[in-house]
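Enquirer: Input: one structure, supplied below.
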Amino acid sequence: QSKILAFSKKLGAGANCLSPQVLIIDEDWTQREAFLEAVKENLGKIPTRPAYYPGAASRVERLTSFYDPSRVTKVTAAPMQGASSHKPMLSPVLIDCGVYGEASFQGDALKSEAFAPVLCIVRVRGGNTLSRFYDEAAAIANGECEGSLSCTVSIPAAVGQDNAAVKVLLGKLEFGGIGVNCSTVFNYVAITAGGGWG
């Protein structure tokens, strides 16, 4: 799942309406740190493409300006071979928004689509419990995040897609397309190829 997330974020230098904008993760999940490290590692392995879309650098600067530097992590990677030198090479940036509901939480970056290599991380106190985490995640995704084109839910194989809590979560999400264990890009393509919206 970390590979899928990293690939989706770096595709087109993040200038894609299907690019992941926000990662909502359980603060109490025992594998949280390992997963986030895997995301960083995979972002670093994928060559960086030129940020072709106008204003990408200024949007990255504006979004990161809301946060203390300690909350911003830049992940460097080698540039894509043959990349144009006329466009900026922007490394992916991870923004730690903090734990939702706590005084230190900062959700400013959730209110604007980056259209650049920026991924906001929102942590919730889910108690390492599926139903509790899913309730919190759905409320944040629906109510706090700008845009509703698509989203993806990562479900461990040990949980399974037939899990009752998973079904409840999928029913709560208010997005045009909802993918499970896939890139948001694949999610959208599947919908336009005959799948159903909503």
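The values are calculated or read from the model by the stated rules, or taken from the named source; none is laboratory data. The structure displayed is predicted, hence computed values, not measured ones. Virtual Cβ from ideal backbone geometry, glycine too; neighbours counted across all protein chains shown. Remember, those area values only see protein heavy atoms, side chains included, never the ligands or the DNA or RNA. Shrake-Rupley method; radii C 1.70, N 1.55, O 1.52, S 1.80 Å.
Enquirer: Could you give every pair whose Cβ atoms fall below 8 Å, whose first residue belongs to segment 154-171 and is within 20 Å of residue 142 (Cβ to Cβ) and assigned to a loop (DSSP other than H, G, I, E, B), and whose second residue is of a type outside the set (D, E, K, R) and modelled with pLDDT under 80, counting only separations of at least 6 or pairs across chains?
Expert: Every condition considered, the pairs that remain are 155/161.
Enquirer: Which strands (runs of 3 or more DSSP E) does segment 36-153 wholly contain that include 1 or more residues that are closer than 27 Å to residue 174 by Cα?
Expert: Fully inside segment 36-153 and qualifying: 93-99, 118-124, 150-153.
Enquirer: Scanning segment 64-103 for residues that are charged (D, E, K, R) and under 22 Å from the mean Cα position of the chain (by Cα), which turns out most open to solvent (accessible area, probe 1.4 Å)?
Expert: Out of the qualifying residues, it is 74.
Enquirer: Name the single residue, out of those in segment 137-153 being free of Cβ contacts under 8 Å to residues at least 40 places away in the same chain and touching a Phe, Trp or Tyr at 6+ places or on another chain (Cβ under 7 Å), that is least open to solvent (accessible area, probe 1.4 Å).
Expert: 151
Enquirer: Looking only at residues in segment 43-61 that are among the basic types (Lys, Arg) and open to solvent by 100 Å² or more (accessible area, probe 1.4 Å), which one is nearest to residue 124 (Cα to Cα)?
Expert: Taking the candidates together, the pick is 45.
Enquirer: Which numbered condition trips up residue 31, out of (1) open to solvent by 60 Å² or more (accessible area, probe 1.4 Å); (2) closer than 18 Å to residue 154 by Cβ; (3) within 16 Å of the chain's Cα centre (by Cα)?
Expert: (3)
Enquirer: Ok, one more. From the list 82, 12, which residue is in contact (Cβ under 8 Å) with a residue 40 or more places away in the chain, out of contact with any Cys (no Cβ under 7 Å at 6 or more places or on another chain) and not charged (D, E, K, R)?
Expert: Result of the check over 82, 12: 12.
Enquirer: From (1) more than 19 Å from residue 6 (Cβ to Cβ); (2) touching a strand residue (DSSP E or B) at 6+ places or on another chain (Cβ under 7 Å), pick out the condition that doesn't hold for residue 82.
Expert: Condition (2) is where residue 82 drops out.
Enquirer: OK, next. Return the total of residues in segment 1-18 being outside any helix (DSSP H, G or I) and within 21 Å of residue 180 (Cβ to Cβ).
Expert: 4
Enquirer: Could you please let me know if residue 40 is in contact with a Ser or Thr (Cβ under 6 Å, 6 or more places away or on another chain), open to solvent by 40 Å² or more (accessible area, probe 1.4 Å) and at pLDDT 95 or above?
Expert: No, not satisfied.
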